[in-house]
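To keep things clear, I will list the structure first and then write my remarks on it.
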Amino acid sequence: MLGRYYDFIRRIYVCDNAAAYEAVDKDTGNMVAVKICHDYDPRKDPKEVRLLTAAQGHERICKLVAWHALAHTHCHAIVMEFIPNHNIAEHLFGRPSKIRTYMKDLLVGLQHLHKRNILYRDVKPSNVLWNQEVGRATFIDFDVGTFYSPKNKHRCLVGTDGYMAPEVLELDVARHENRPLPFKGYGLEVDIYSAGVVLAQLLFEYEESDIADLDNESAKGPAFVSRCKDLLRDGRGHAGHELAIAMLDPDPSRRIRLSDVLRHRFFTDRRAIPRSLPRKEREKESERIARKHEKERAKAGEEAERRAHREEEEEGEEEEGSHSHHDEEDIDEEVEDEEEEAVLVTREEEEEEEKRERGLDAAEKVIDRLGGGGPFSPAPAAETVATALSALGVNLDKRPNSRARERERDRERERERERERERERERERARERDREWEERQRARRPRPPSARPRPSPAAVEDAAISAVSAFASFGR
């Protein structure tokens, strides 16, 4: 069936329960995006299809072309208009006027969805694509959206880490700690908070991966609010920072309303934001911000490593106690070895110094004797002095302490290599702790109930490809 209507060009992405492809509609010749989803229930239309159908009629919402039930595959295909996706870092960072355009499109589209009683719940740049060719942003993905009713508050933990509102996370924490929920549920305000994170992300030039990184505290809502307040206090902020503070209020009852957001002077007053920086200055500023972000990520990694190390120490106190005696013995042995080496080096230096003094005395006597008998002859004198010093075992080509110092330097280099190996082992242990921590975090997150186990991305893609091939051959 799909093969009869669409020519598939390339795969756009694949995730846990869906795969999307770029294709051409054979009837119209238009570019389309075909999203093949798992868990199709033949008793009712898919939820994403119902949401997309209800959201139609606005230019900031992608158009639904068609949808197809793929029988005998437990899959369905949603066909939408193809929206080009250009990199926001390349086209929006450092350009306040384009950031304003992107955010206005996002908020106007969000306002349309809220009027249709649709709670989007996953506002982020990868779901609101920027088309640089026309200078517009468009909503594309409704897989975690839902229909909203003021009487029935929502309590599900859905969305993307870093973009979810505090009230969503608070409900999840209360549920895991088996304590009463602090409020009935969340509403449309969660979309405003997520949009505020996107605004701050564009103003401070963070990638989406930085926002979703749980260890990067500098790329989260509270840190953004603090930085905006600092800039405004120093006189370096503008209307965009004021709006970000209002949208990122942790209290949903005090958070700015969507209608007030669109009336904010960030959108109504062209003088409220600075002009775009010249290209060279923008590149320098981007490099500076990239270096700053790298330092922040390194600092966050170190903090996570220290935190994991503290947790490991608390969990393994008894085990460490059992090994502490052996560790002290090893340290004592190392100290004794170093002291013994120092004594040997000192003794060798004293012997070399004594030889040197004896050699110099002999050389002086020889030169005096040669000089006392007649005119001084440098060559015979040098020959005689060299012979005398050689007989005493003194090597003039090297300093007296050079061999001992060379040995000491070798030992120091070996110790430094051992310390580097130990640091590498510690880094590997820290990475292993981070992986374990991430697995525990994933295990703690509740998963929606499902009648059948969720397939892997590879299985979804295989099922989609099989369905496309089967229907293509059937059409022929």
Can you tell me which of 76-82, 226-232, 408-414 comes out highest on packing, and rank the rest after it, using the mean Cβ neighbours within 10 Å? 76-82, 226-232, 408-414
Along the stretch 176-187, what does the Karplus equation 6.51 cos²θ - 1.76 cosθ + 1.60 (θ = phi - 60°) give for ³J(HN,Hα), rounded to whole Hz, x for Gly and Pro? 6, 8, 6, 10, x, 5, x, 7, 5, x, 10, x
Quick check: residue separation of A54 and H309 times 0.36 nm, minus the Cα distance between them. What number comes out in nm? 86.7 nm
Extension gain from A223 to K115, taking 0.36 nm per residue of separation minus the Cα-Cα distance: 35.7 nm
Can you list residues from other chains, or at least 5 along the same chain, whose modelled amide H is less than 5 Å from the amide H of Y148? I118, L119
Calculate, for K44 and R275, the FRET efficiency according to 1/(1 + (r/R0)^6) with r their C-beta to C-beta distance and R0 45 Å; round to the nearest 0.05. 0.30
Report relative contact order for the stretch 148-244 in percent, whole number only (criteria: Cα-Cα under 8 Å, sequence separation at least 6). 27 percent
Order of 56-65, 199-208, 161-170 by packing, highest average Cβ count within 10 Å first? 199-208, 161-170, 56-65
How much of the accessible area of the stretch 153-252, in percent, comes from carbon and sulfur atoms when a 1.4 Å probe is used? 52 percent
Excluding ligands, DNA and RNA, the carbon-plus-sulfur percentage of the accessible area of the stretch 51-112 with a 1.4 Å probe reads 52 percent
Could you give each residue of the stretch 90-103 its phi-based ³J(HN,Hα) in whole Hz, using Karplus coefficients 6.51, -1.76, 1.60 with θ = phi - 60°, and x for Gly or Pro? 7, 9, 10, 4, x, 10, x, 5, 6, 4, 4, 4, 4, 5
Need the full-extension length gain, R236 to R257, defined as separation in residues times 0.36 nm minus the C-alpha distance. One decimal, nm. 5.0 nm
Using 7 Å Cα-to-Cβ label points, what is the E170/R411 separation (nm, one decimal)? 6.3 nm
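Using mean Cβ contacts within 10 Å as the protection proxy, how do 85-97, 250-262 order, highest first?
Sorting 85-97, 250-262 by mean packing, highest first, produces 85-97, 250-262.
The values are calculated or read from the model by the stated rules, or taken from the named source; none is laboratory data. Here the structure is a predicted model, which is why all the values come from computation and not from measurement. For neighbour counting, all protein chains shown are included, and Cβ atoms are generated from backbone atoms with ideal geometry for every residue, glycine included. The accessibility values were calculated without ligands, DNA or RNA, using every heavy atom of the protein model including side chains. Shrake-Rupley method; radii C 1.70, N 1.55, O 1.52, S 1.80 Å.
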